[in-house]
1. Considering only the other residues whose Cβ falls under 11 Å of the Cβ of E77, what net charge follows from Lys and Arg at +1 and Asp and Glu at -1?
2. What whole-number distance in Å separates the alpha-carbon centres of segment 1-39 and segment 265-283?
3. How far is helix 77-98 tilted, in degrees, relative to the longest principal axis of the Cα atoms in the chain, given as a value from 0 to 90 rounded to the nearest 10?
4. At a Förster radius of 41 Å, what calculated FRET efficiency corresponds to the Cβ-Cβ distance of R101 and T251, to the nearest 0.05?
5. Would you compute the Debye intensity of the chain from its alpha-carbon atoms alone, equal scatterers and no solvent, and pass along log10 I(q)/I(0) at q = 0.08, 0.12, 0.13, 0.15 Å⁻¹ to two decimals?
6. Mind sorting D158, D128, D123, D137 by how few other Cβ atoms lie within 10 Å of their own Cβ, fewest first?
7. Calculate how steeply helix 11-20 sits against the longest principal axis of the alpha-carbon atoms of the chain, using the helix alpha-carbon long axis, and give the answer as 0 to 90 degrees to the nearest 10.
8. Please compute the volume of the convex hull spanned by the alpha-carbon atoms of segment 120-191 and report it per residue in Å³.
Amino acid sequence: MKIAVAGAGGGVGKIVTHALKRSHQIRGIDRDPSAEGIAHEWVTADLSAHDQTLEALKGVDVVVNLAGLNGPIPLPEWEAHNTNVVISYNVLSAAAELGIRRVVQASSVNAIGLAWSRSPQFDYFPVDLKHRSRTEDGYSLSKFIQELQADSVTRRHDGLSVVSLRLHAVLKDVTQAQIALEHLGPSWAINGLFGYCTEGSVADAVERACSASIIGHEILWIVESETLVDEDSRTLAARYYPDVPFAASMTGRSSFFDTSRTREVLGWTPSTEGTPQPGLITL
Ligand SMILES: NC(=O)c1ccc[n+]([C@@H]2O[C@H](COP(=O)([O-])OP(=O)(O)OC[C@H]3O[C@@H](n4cnc5c(N)ncnc54)[C@H](O)[C@@H]3O)[C@@H](O)[C@H]2O)c1
């Protein structure tokens, strides 16, 4: 397949481009041309401009949209929000206009209001796709709106299907989690429900999402099946979220996110499942 990776020069974009180019023809797109050599072909474009987006996406079968501003820190919230919602609508509407049949876009676990909320509220654990969104900050709101945009565009365009991958923090190894903890404090892990995803899990999910049998819009969690923390999940829940009930069984260090739909739709399993993790964080 010919796949456009928008945001190919970014952290996740580089990981995904390296993985996809083993089996697909990849067009990297980014406003920053510094990663130009990474893909089979390259377009430097500002995807906040609709005409440039339309031109950049001509002739591809699938678009993977990883372009945008990741996180509200250190950006002003309005900038993260405004940039992300404009890029995502430009990509979705250009894909529809060009007759592209699949868009895979990076959403975030923050679409429900999580790591960047002052004190996130949850109705039950593990959270699933029915859990309501209570975003507070501009970045998380942009991720929620991006999903609403996909609902709307696929409602109008029968030929287009969209997969929104709710990525958790994409980590190479536990050292990166330690760094995040030092910079942002324990609330980074507590508000984020102690989760993460590996680079391998993300690349595998994106590749599967490019060709999975899907009609309309699917939202899927991409989170490892165990937490990053060296304590049982029920102990963590009792300490930090004592009033939140359990809607399904949670044992050992099992994740606070229900990824069953991701497994069903993509045939995906998290890369760390069944393998002992090399290190864990202590809160
Ligand atoms: N990294 C994570 O842990 C993580 C977790 C959850 C979700 N996400 C989502 O994944 C996506 C990628 O994240 P990342 O960490 O790779 O971010 P990043 O900042 O490393 O990369 C984003 C890329 O988008 C490009 N970009 C920004 N504005 C653009 C524009 N107007 N036109 C063209 N290109 C533009 C940037 O130049 C950059 O190369 C984002 O949507 C982010 O919200 C990331």
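1. Computed value for this residue: -3.
2. Between the Cα centres of segment 1-39 and segment 265-283 lies a distance of 25 Å.
3. 50
4. Numbers: r = 40 Å, r/R0 = 0.99.
Here the calculated transfer efficiency is 0.50.
5. Cα-only, vacuum Debye calculation for the chain: -0.31, -0.72, -0.84, -1.12.
6. With the sparsest Cβ surroundings first, the list reads D158, D123, D128, D137.
7. Between helix and principal axis, roughly 70 degrees.
8. Looking at segment 120-191, the number lands at 126 Å³ per residue.
Where a number appears in this text, it was derived from the coordinates with a stated rule and is not lab data. In this text the structure is predicted, and so the values were computed from the model without any measurement. When we count neighbours, we look across all protein chains shown, and the Cβ atoms used for this are built from the backbone with ideal geometry, even at glycine.
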